[in-house]
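For reference, the structure is listed below as structure tokens.
The values are calculated or read from the model by the stated rules, or taken from the named source; none is laboratory data. Everything numeric in this text was worked out from a predicted model, so none of it was measured. Methodologically, a virtual Cβ is constructed for each residue, glycine included, from the backbone with ideal geometry; neighbour enumeration extends over all protein chains shown. Side chains included, ligands, DNA and RNA excluded: accessible areas come from the protein's heavy atoms. Shrake-Rupley method; radii C 1.70, N 1.55, O 1.52, S 1.80 Å.
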Amino acid sequence: MLTERLDPGRAAAAVFLGIFIGIVPIYGFQTLAAVGLALLFKLNKPLILACTFINNPLLQPVIVLSSVEIGSFLRHGSFHPFKFSDLSGAHMKEEIFSWVVGSLVLGVMVGGVGAAITAVVVYLKKPANPGLRDCIRFVNKTFAKSSSYDRDYVRWKLRLDRIFGMLAAEDLGSGTVVDLGCGYGMTLCFTAFGESGRRLVGCDLNERRIAVARDAFTTLNAEVSVGDIRDFELPTAGLILILDVLQYLSAEEQLALLKRCCAALDPQGILIFRVHDPERGLRSTLTMALDRLLFRYERVGIRPLMLSALQYQTVLEGAGMQVKTRYFRNRLPLAHILFSATKPLAEVAS
């Protein structure tokens, strides 16, 4: 439902047709009609099919009764008490005709209400950045030839992690992009949307993920390698990314790495990194607990370490950076802080 077209107009059309088909008495052909119309008009197939289930054991008696009464009113100008026994008596044809006529009107009425509500809900819930979906499709297409396990990991990471929506709304600058602890390189690929010639540089300790990234990035200007971020040689860059990696380092190593990144940035270059927020009560506890489980699974041999937001901000401002912070909760109940630090022109001039 989420991967097919879900703009307000088409979502409303899918709901209208699904409800209409569910109410009209074409039993045995409702699913076929719903899928056929979805293909014909290029509507959201799961959504239109789901709406046909308005015809269910709980609602069907109400739908039949309402249809017969509406049909009777339209044909004779008045309602009349309905009994299901009428459908097998002498007036069976009369009642069935009223049922069909009324169901058409009822389908239009209920479908119209459902469509209106759907249009409003989808409009209010639509992404703040309409280009996000195109970026995600670009990344998924890049990894289309990877193994099914890797494709699924990339697909679900893009769906569940709010960081990609936030990056789509950010100014990602220009020039070389460096991703420290890049894993599969999804974020690198994300930044290349619309600018496939942009130089992408990444490193990670996971050899398998780096191999997957190399195979996927054949059409991109990418250089990904196995390496330790603590001594990775940073090129001059317009954008440096560090996402969920700093907790693997000691306090001194974290601060030293951030200083090196600031020094490697071009004028107006941007450093973006995400860390866990240790000051959000239960959410922070869950976040750190999940990280400890991950560290144990990976046999890292240390405990994750997060500094305070003030410590990170102090080292960035000490390097002359203009700092913005954003506190947010991921789709899983995890608490994060996103730092975005821009290197001013004055920093280079001095």
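All of D171, D134 fail the test of being among the charged types (D, E, K, R), closer than 22 Å to T342 by Cα and modelled with pLDDT under 90, apart from D171. Here D277 qualifies as among the acidic types (D, E), over 25 Å from C203 (Cβ atoms) and in contact with a strand residue (DSSP E or B) (Cβ under 6 Å, 6 or more places away or on another chain). The requirement of being assigned to a helix (DSSP H, G or I), open to solvent by 60 Å² or more (accessible area, probe 1.4 Å) and closer than 24 Å to D228 by Cβ is fulfilled nowhere in segment 302-310; no residue meets it. Here segment 119-153 is the region considered, the condition is being polar (S, T, N, Q) and over 19 Å from the mean Cα position of the chain (by Cα), and the residue that is nearest to E170 (Cα to Cα) is S146. Counting only strands (runs of 3 or more DSSP E) that sit completely within segment 206-298, those holding 2 or more residues that are of a type outside the set (K, R), without any contact (Cβ under 8 Å) to a residue 40 or more places away in the chain and closer than 30 Å to N140 by Cα correspond to 222-226.
Looking for something modelled with pLDDT of 90 or more and either open to solvent by 40 Å² or more (accessible area, probe 1.4 Å) or not small (G, A, S) (or both) - is there at least one such residue anywhere in segment 71-94? No: segment 71-94 contains no residue that is modelled with pLDDT of 90 or more and either open to solvent by 40 Å² or more (accessible area, probe 1.4 Å) or not small (G, A, S) (or both). Is it true that some residue in segment 174-189 is touching a residue at least 60 places away in the same chain (Cβ under 8 Å) and over 24 Å from K324 (Cα atoms)? There is no residue in segment 174-189 that is touching a residue at least 60 places away in the same chain (Cβ under 8 Å) and over 24 Å from K324 (Cα atoms).
Restricting segment 180-202 to residues that are part of a loop (DSSP other than H, G, I, E, B) and open to solvent by less than 40 Å² (accessible area, probe 1.4 Å), the residue that is farthest from Y248 (Cα to Cα) is R198. Remark: A14 matches the filter, which requires a residue to be of a type in the set (G, A, S), open to solvent by less than 40 Å² (accessible area, probe 1.4 Å), touching a Leu at 6+ places or on another chain (Cβ under 6 Å) and within 19 Å of V108 (Cβ to Cβ).
Of all the listed residues (A309, A349), the sole one being more than 19 Å from L239 (Cβ to Cβ) and at pLDDT below 85 is A349. Restricting D152, D171 to those that are part of a helix (DSSP H, G or I) and either in contact with a Gly (Cβ under 7 Å, 6 or more places away or on another chain) or open to solvent by 30 Å² or more (accessible area, probe 1.4 Å) (or both) reduces the list to D152. If F328 meets every condition in (1) in a helix (DSSP H, G or I); (2) closer than 25 Å to T191 by Cα; (3) modelled with pLDDT under 90 apart from one, which number is that one? Exception for F328: condition (1). L58 meets the conditions (1) modelled with pLDDT under 90; (2) open to solvent by 50 Å² or more (accessible area, probe 1.4 Å); (3) in a loop (DSSP other than H, G, I, E, B); (4) hydrophobic (A, V, I, L, M, F, W, C) in every case but one. The failed one is (1).
Filtering segment 18-48 to residues that are under 23 Å from V62 (Cα atoms), open to solvent by 50 Å² or more (accessible area, probe 1.4 Å) and assigned to a loop (DSSP other than H, G, I, E, B) leaves I26, Y27, G28, F29. In the set L205, L255, L243, only one residue is crowded, with 21+ Cβ neighbours inside 10 Å and of a type in the set (A, V, I, L, M, F, W, C); that residue is L243.
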